[in-house]
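The values are calculated or read from the model by the stated rules, or taken from the named source; none is laboratory data. This one's a predicted model, so the numbers in the text were calculated from it and none came from an experiment. Glycine gets a Cβ as well: all are built from the backbone with ideal geometry, and neighbour counts include every protein chain shown. When the accessible area is computed, the model is the full protein with side chains, heavy atoms only, and any ligands, DNA or RNA have been set aside. Shrake-Rupley method; radii C 1.70, N 1.55, O 1.52, S 1.80 Å.
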Amino acid sequence: MGAILTVKDLNVTYINKTRRVMAVRRASFSIDKGDSLGIVGESGSGKSTLAMALLRLHPKSTEITGEALFDGKDLLSISEAEMNELRWMKLAVVFQKAMNALSPVHRISTQIEDIYRVHCPSASGEEIQERAMELLKLVNLPPRVYRLYPHEMSGGMLQRVAIAISLLHHPQLLIFDEATTALDVVTQGQILREILEMEKTLETTRIMITHDMSVVATTCNKVAVMYAGELMEFGMVKDVLTRPRHPYTQGLQDSFPSLKGENPKLLSIPGFLPDLSKDIPGCVFAPRCAHATERCRREKPPMTKTSEAGQAACWLCVGDENGK
Amino acid sequence: MENKTEFIKIQDIQKFYPYKDGKIFHKRGEERKFVKAVDGVSLTIERGEILGVIGESGCGKSTLGRILVRLEAPTSGDVFLDGVSTERILRQDPKQFRRNVQIIFQNPFDTFTPRDTIQKILLRPLKHHNIGRDTAERVEMCKTALEAGGLRPAEDILSRYPHELSGGQLQRISIIRSMFLKPGFIIADEPVSMLDVSVRAEIINMLIDLARNQNAAVVFISHDIALTRYISDRIAVMYLGRIVEYGTADEVIQNPQHPYTRALISNCASIDPFEEREELSIGGEPPTPVNPGPGCYFAPRCYMATEACFKSYPQRRDLSGCHYAVCSRIEK
């Protein structure tokens, strides 16, 4: 299967009066149809910015360079009108706080109708309702939800409604931006399971943005690890999580306790994110890395192939393609 | 009956909030409804032990924490510290109680006065409890504590305001502040859920050290099961204000008996992509605990429930060691 989304050299810079913050730098990756990509990293690592850039939902002052080929079109250079055509139809996003994404003064039905009619202005109420019922069933909600107001529902239900809305127009690419983070363990588990179940019938590609490695481990097949706006490691989940090549991935993994297996002492990564408004000559992770050498601080490591589908940006992997 | 190692004894704590049904006046004899946030919790905690409390949101775990530090008075029941009723300690010597029992809150950004510097914030409890001779000595104490907690340079941190520090740093200061008083009993209410993964480990390890070195009892309230298993010696699983399972951390997680615990664990995402998981799902969300019962509170959502489960609340079944579960479907 061919690539559905290819991102090349994506740079996103937030500009305000006093400084330029390079929130995403030189991000390149591609995902195939039917893939589920998890983007993990700490807060401030640029994972949400990356997604917002793909949907062109960033503030006007933002500077974006690079290329994001989706379905043969460059998402970053097409006109706003063309982009609007793609939103909801081909690309859909679910945000962390569905409670804030829905209007509190309208019934779910009104909001679904609004969104449906943006792309099919002539659709009748019954037609929309039929589609909505189908989707509500898909996310395990009773039909009565259609007539409710957001405040009458719990967070988990709202999140399900948001997922249902994102599916209205059969999008090809779904982006979940921390969509289950604010939920309870049980609800999160249920929704993740429903998403997996749903994908068996729908042919969608999914990008899952989260800080929780365990969510990626259970629901994705590919993973991209981001740090300070740069891609640190990319590859198949099973490969990356069993044998992380990049010290940052290793560090992230060490800070998660295992549920049932052996539990060595949890380790944290000392230090802080670098100031993204300054240009960093070497590896962005070098100041916090235990393996950093002089070279790491001076030169930026290139993305190096580490396995069949895996890449990592670390000098440790260069010249030693077979791993450590 | 009196056990020497028994440091904290929680005896049948109940906390009911009157249910707001919109009526101002009630007929005489009309039964008032209550939200039973905590409904008869009994536990014991030893010195140096970390007890993890897990459950869904709304199961009463935070209310339990607030009762333990007496931010709220229980409707009935009592907590005994070294065999003395906290109610009595509070009446006779509230200062001593506050010194001995500390709480760490979830959101470090809300725990500090935004208008004061860290130095002022840290000095306040020291002054209040007369620790240290003068300000100079107290500042010195703050510096040593901050440096021991990995916050360097301490002088710089002391002169800052809370908004100038990161969540991880603030949470560490919050723990340091409560450690100053050498408390015997600490309640940590979701202390790391607001923090980034890379700094979580530090806070957790700090709490473990605190329990081990100062021989303090720690109640760790969290919804993160993997983390709770890592930090705790024992785990109590709560559902709608009651404890449904209790035991050593490994036993509860590796050999869960109560259907709720099993569902909770099976829903927990694991970091290991190859881990085999039991596929258990429980429908819906926890109901509000307004006059639940008479049967097992979990029965309406339980995949193992029989008719008997709806009739009366099950008895506690003791399993091996201290492990017990409250379910009528468990054999033996």
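Points worth noting:
- If you filter region B:106-116 down to residues that are in contact with a helix residue (DSSP H, G or I) (Cβ under 7 Å, 6 or more places away or on another chain) and modelled with pLDDT of 90 or more, you find that the one that is most open to solvent (accessible area, probe 1.4 Å) is B:114.
- Selected residue (criterion: surrounded by the fewest Cβ atoms within 10 Å (Cβ to Cβ)) from residues of region B:240-266 that are assigned to a loop (DSSP other than H, G, I, E, B) and within 16 Å of the chain's Cα centre (by Cα): B:240
- Filter result for residue B:70 (closer than 30 Å to residue B:40 by Cβ, basic (Lys, Arg) and part of a loop (DSSP other than H, G, I, E, B)): yes
- Residue within region A:277-293 that is within 12 Å of another protein chain (Cβ to nearest Cβ), surrounded by 13 or more Cβ atoms within 10 Å (Cβ to Cβ), in contact (Cβ under 8 Å) with a residue 12 or more places away in the chain and more than 22 Å from residue A:229 (Cα to Cα) present: no
- Of the residues making up region A:97-136, those that are open to solvent by 70 Å² or more (accessible area, probe 1.4 Å) and outside any helix (DSSP H, G or I) are A:97, A:104, A:105, A:106, A:107, A:121, A:122.
- Top-ranked residue in region A:297-324 [being within 17 Å of residue A:241 (Cα to Cα) and loosely packed, with under 12 Cβ neighbours inside 10 Å; ranked as modelled with the highest pLDDT]: A:308
- Selection status of residue B:168, on the phi > 0 side of the Ramachandran plot and within 14 Å of chain A (Cβ to nearest Cβ): no
- When A:228, A:217 are checked against the criterion of being open to solvent by less than 20 Å² (accessible area, probe 1.4 Å) and over 21 Å from residue B:265 (Cα atoms), A:228 stands alone in meeting it.
- Filtered residues of region B:153-183 (kept if small (Gly, Ala, Ser), at pLDDT 90 or above and open to solvent by 10 Å² or more (accessible area, probe 1.4 Å)): B:159
- Scanning region B:187-219 for residues that are among the β-branched types (Val, Ile, Thr) and open to solvent by 20 Å² or more (accessible area, probe 1.4 Å) yields a total of 2.
- Residue match in region A:239-259 (condition: among the aliphatic types (A, V, I, L, M), without any contact (Cβ under 8 Å) to a residue 40 or more places away in the chain, closer than 28 Å to residue A:107 by Cα and not in a loop (DSSP other than H, G, I, E, B)): no
- Checked against (1) assigned to a loop (DSSP other than H, G, I, E, B); (2) at pLDDT 90 or above, residue A:17 passes all but a single condition, namely (2).
- Of the helices (runs of 4 or more DSSP H) contained entirely in region A:140-228, those carrying at least 2 residues that are of a type in the set (D, E, K, R) fall at A:185-201.
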